[in-house]
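The structure under discussion appears below in the form of structure tokens.
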Amino acid sequence: MNPFLFVTDLDHTLVGDDTALAALNEKLDYHRQQYGTKIVYSTGRSLYLYRQLATEKSLLPPDALITSVGTEIYFEPTEAQCDREWAEVLSQGWNRDKIVGIADNYVDLTPQPESEQNPFKISYYLSESAAEEVLPQLESDLVDRDLKIKLIYSGSKDLDILPSNGDKGLALQFLRHKWEVSAETTVACGDSGNDIALFRGEEKGIIVGNAKLELRQWYHQNQDKTLYLAQAHCAGGILEGLEYFGFVK
Ligand code: GLC
Ligand code: MG
């Protein structure tokens, strides 16, 4: 068997079925020890909320951790400092204060807790009923003022405003190039809107069986031989996909 770069979202992807997680962990741990496979978590959670999850669930220590929807990369999850080189990439054309000033005029946007805000991520709650009107309006409001942003709406409730240079997929590309891993030997797994970016590149992708509507809709419009929609949920779906692509037996 060959080493591969394994990248996975946490909530409702890797985490959600404890029995399947234990079985997957065993395979991945063995693969890492035997063949040098690398394990990366890519989560919407901040480092603070990641650490909370790590106390509740049995997670293998990752080789790198991407938090906050791709806006922070940690090579040592025990470190407080995220990767500076990546922060430099994100800072290009980004003006946080100006964006917040505009977004604050929208009454339908409720700021998420302070722990989920960071220099390159501005997060709100936005109801599904308001989203259809607010998202295009907010986007053109920001883009018309020449602000380099990207809006990511997940789970019909979370809105993240990110730099146009950043998201889970671009963070994955950054890591892949740093570690010199090919797209063919990279696989990413996810279940919701903020994971769509993971599936836009040439890497292989596994969409778990319990994926949210926004990701299912995207998949049906973007089917490709590099993408696999699993039957099983959460870690069970990941294992199914890894076997489908021949990464594990
Ligand atoms: C996580 C983060 C939140 C974000 C959401 C969707 O729940 O804590 O800030 O909006 O993921 O990306
Ligand atoms: Mg998720």
Name every residue in the range 36-59 that is away from ligand 2 (no atom under 16 Å from the Cβ), buried (at least 16 other Cβ atoms within 10 Å of the Cβ) and part of a loop (DSSP other than H, G, I, E, B), in order of residue number. Thr37
Tally of residues being open to solvent by 10 Å² or more (accessible area, probe 1.4 Å), more than 16 Å from ligand 2 (Cβ to nearest atom) and among the hydrophobic types (A, V, I, L, M, F, W, C) across the range 5-26: 2
Residue satisfying all of: in the range 159-213; basic (Lys, Arg) and part of a loop (DSSP other than H, G, I, E, B); nearest to Glu128 (Cα to Cα) among these: Lys212
Within the range 114-153, restricting attention to residues that are in a strand (DSSP E or B) and β-branched (Val, Ile, Thr), which residue is farthest from ligand 1 (Cβ to nearest atom)? Ile149
Of the residues in the range 1-38 that are among the β-branched types (Val, Ile, Thr) and in contact with a helix residue (DSSP H, G or I) (Cβ under 6 Å, 6 or more places away or on another chain), the one that is nearest to ligand 1 (Cβ to nearest atom) is Val7
Within the range 173-196, work out how many residues are under 14 Å from the mean Cα position of the chain (by Cα) and more than 14 Å from Thr13 (Cβ to Cβ). 3
Subset of the range 168-192, residues open to solvent by 10 Å² or more (accessible area, probe 1.4 Å) and within 15 Å of ligand 2 (Cβ to nearest atom), comes to Ser192
Please give the number of the condition Asp191 fails out of (1) acidic (Asp, Glu); (2) farther than 20 Å from Gly236 by Cα; (3) within 16 Å of ligand 1 (Cβ to nearest atom). (2)
Identify, please: which residue in the range 210-241 is within 13 Å of ligand 2 (Cβ to nearest atom) and not aliphatic (A, V, I, L, M) and is, among those, nearest to Leu10 (Cα to Cα)? Cys234
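The values are calculated or read from the model by the stated rules, or taken from the named source; none is laboratory data. These numbers were taken from a predicted model, which means no experiment stands behind them. So basically every Cβ, Gly included, is an ideal-geometry build from the backbone, and we count neighbours across all protein chains shown. Just so you know, the surface numbers come from the protein's heavy atoms only, side chains and all, with ligands and any DNA or RNA stripped out. Shrake-Rupley method; radii C 1.70, N 1.55, O 1.52, S 1.80 Å.
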